[in-house]
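Trainee: Here it is: the structure, laid out below.
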Amino acid sequence: MVRRSIAFGAGLLVLILFVLLVRGCLESRKESAITDWVRDADALVTQSNQQSDALFGQLAGGDGASDVEVENALNGYRIQSAQLVDRARALDHPDELGSAQRYLVDTLDLRSDGIAEIADNLPNALAGGDQQEGAAEKIAQAMQAFLASDQIYFRRVLPAVNEVLREEGLRQKMTTEEFLKDLDWLDPSVVADRLGGITGTSDEEAAPGTHGNGLGAVTLGGQTLVPGGSVSVPLTEDLAFDVQVANQGENTETDIPVTVTVGSGSDAIKLEEVLDTIAAGETKSVPIPLTEQPPTGQNVPIKVEIGTVPGEDPAVGNNEGEFGAIFTS
């Protein structure tokens, strides 16, 4: 009986130790998941805030950039901000941070929307004429998205994160920097005044010599698209366009936006990449992944456009092409 009692006690002790060990491992794993998410989320918000500094520096004309250079820079920020949203959605988060994860995506999504809207309206805001006032007002309205993103971040993301950190006894912190640091940007008249600091671009201001890029071959999934025609393209997970850009001028060009529009109307899929640099006489390929699934079993229009550069004559008309594809599953 005594031996049986000792054996039972020893077994019970082993079971208790095992339970404590498992619990300790689970707690350690949970803490690791929380710290990893907070670290990664903070890195995304910090990168977003760095975009804010660059964005408003360009809009205020403080860098002395021309209108074309500022427009190209904003198209680059548009792409980068959308990538931050995708990276935020892909974060692996513990259940405790579920609400913080949702609000983080909302925060970065609003910032991406605001940047895209500003980039769309900036050319009209800088062009002068009747459309200038309306474009400045739309840019000021886009600033509301930045203000809303800050409100969500400070009123939803940070409190949710700090509560979890406090409950777990962790000492991590996330950045407390705002995206919209100057509320005067909400005023259309201030927007118009500050955009006036961006210098215009003319042929005389461009570097000597001819300027201009042309659209070369466009392939999709290894198949060459035919201008005005249509090809059948199987849908795959890694389907991507390959757009050839040919520098037909006598100067190196930089920050050239390459845009692909798949479909038409409000359901169109808009894709864009920026070609950093291309030397005179050089041809470069720009890969552009197809990030959304287009309609299948029907002819889908595809438009490819290459942004103009300072000194280029847009009337030449070799910067864009229209194609078609029938996507099959």
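Trainee: Please verify whether Leu97 is within 24 Å of Trp185 (Cα to Cα) and over 13 Å from the mean Cα position of the chain (by Cα), treating the condition exactly as stated.
Mentor: So Leu97 fails the test.
Trainee: With the condition kept exactly as written, say whether any residue in segment 249-257 is among the charged types (D, E, K, R), free of Cβ contacts under 8 Å to residues at least 60 places away in the same chain and either within 24 Å of Val316 (Cα to Cα) or surrounded by 14 or more Cβ atoms within 10 Å (Cβ to Cβ) (or both). It would help to see each step written out before you state the result.
Mentor: Step one: list which residues in segment 249-257 are among the charged types (D, E, K, R), which gives 250, 253, 255.
The next check asks that each one be free of Cβ contacts under 8 Å to residues at least 60 places away in the same chain; those that pass are 250, 253.
Add one more test, that the residue is either within 24 Å of Val316 (Cα to Cα) or surrounded by 14 or more Cβ atoms within 10 Å (Cβ to Cβ) (or both), and what stays is 250, 253.
Among the residues of segment 249-257, at least one is among the charged types (D, E, K, R), free of Cβ contacts under 8 Å to residues at least 60 places away in the same chain and either within 24 Å of Val316 (Cα to Cα) or surrounded by 14 or more Cβ atoms within 10 Å (Cβ to Cβ) (or both), which makes the answer yes.
Trainee: Out of the residues in segment 275-301 that are of a type in the set (D, E, K, R), surrounded by fewer than 17 Cβ atoms within 10 Å (Cβ to Cβ) and more than 26 Å from Gly265 (Cβ to Cβ), state the one that is farthest from the chain's Cα centre (by Cα). Spell out how you get there, then give the answer.
Mentor: Going through segment 275-301, the residues of a type in the set (D, E, K, R) turn out to be 276, 282, 284, 292.
Now narrow it down to the ones that are surrounded by fewer than 17 Cβ atoms within 10 Å (Cβ to Cβ): 276, 282, 292.
Okay, now just the ones that are also more than 26 Å from Gly265 (Cβ to Cβ), so 276, 282.
Working: Asp276: 16, Glu282: 28 Å.
Of everything passing the filter in segment 275-301, Glu282 is farthest from the chain's Cα centre (by Cα).
Trainee: Moving on. Which of (1) part of a helix (DSSP H, G or I); (2) crowded, with 19+ Cβ neighbours inside 10 Å does Asp106 not meet, given it meets every other one?
Mentor: (2)
Trainee: Kindly evaluate Arg155 against the criterion of being over 20 Å from Leu74 (Cβ atoms), without any contact (Cβ under 8 Å) to a residue 24 or more places away in the chain and part of a helix (DSSP H, G or I). Break it down into steps so the answer makes sense when it comes.
Mentor: Values: over 20 Å from Leu74 (Cβ atoms): yes; without any contact (Cβ under 8 Å) to a residue 24 or more places away in the chain: yes; part of a helix (DSSP H, G or I): yes.
Taking the combined requirement at face value, the residue satisfies it.
Trainee: Give me the strands (runs of 3 or more DSSP E) completely within segment 232-297, filtered to those with at least 2 residues that are under 18 Å from Tyr77 (Cα atoms), ordered by residue number. Show your work before the answer.
Mentor: Working: elements: 240-247, 253-262, 269-278, 283-289.
Those strands (runs of 3 or more DSSP E) span 253-262, 269-278, 283-289.
Trainee: Looking at Gln132 and the list (1) buried (at least 21 other Cβ atoms within 10 Å of the Cβ); (2) among the polar types (S, T, N, Q); (3) at pLDDT below 95, which single condition is not satisfied?
Mentor: (1) is the only condition that Gln132 fails.
Trainee: Would you confirm, using the coordinates I've provided, whether Val304 is within 20 Å of the chain's Cα centre (by Cα), in contact (Cβ under 8 Å) with a residue 60 or more places away in the chain, part of a strand (DSSP E or B) and crowded, with 18+ Cβ neighbours inside 10 Å?
Mentor: Numbers: within 20 Å of the chain's Cα centre (by Cα): yes; in contact (Cβ under 8 Å) with a residue 60 or more places away in the chain: yes; part of a strand (DSSP E or B): yes; crowded, with 18+ Cβ neighbours inside 10 Å: yes.
For Val304, the condition - within 20 Å of the chain's Cα centre (by Cα), in contact (Cβ under 8 Å) with a residue 60 or more places away in the chain, part of a strand (DSSP E or B) and crowded, with 18+ Cβ neighbours inside 10 Å - is met.
The values are calculated or read from the model by the stated rules, or taken from the named source; none is laboratory data. Keep in mind the model is a prediction, meaning the values are calculated, not measured. Positions of Cβ are backbone-derived with ideal geometry, glycine not excepted, and every protein chain shown enters the neighbour counts.
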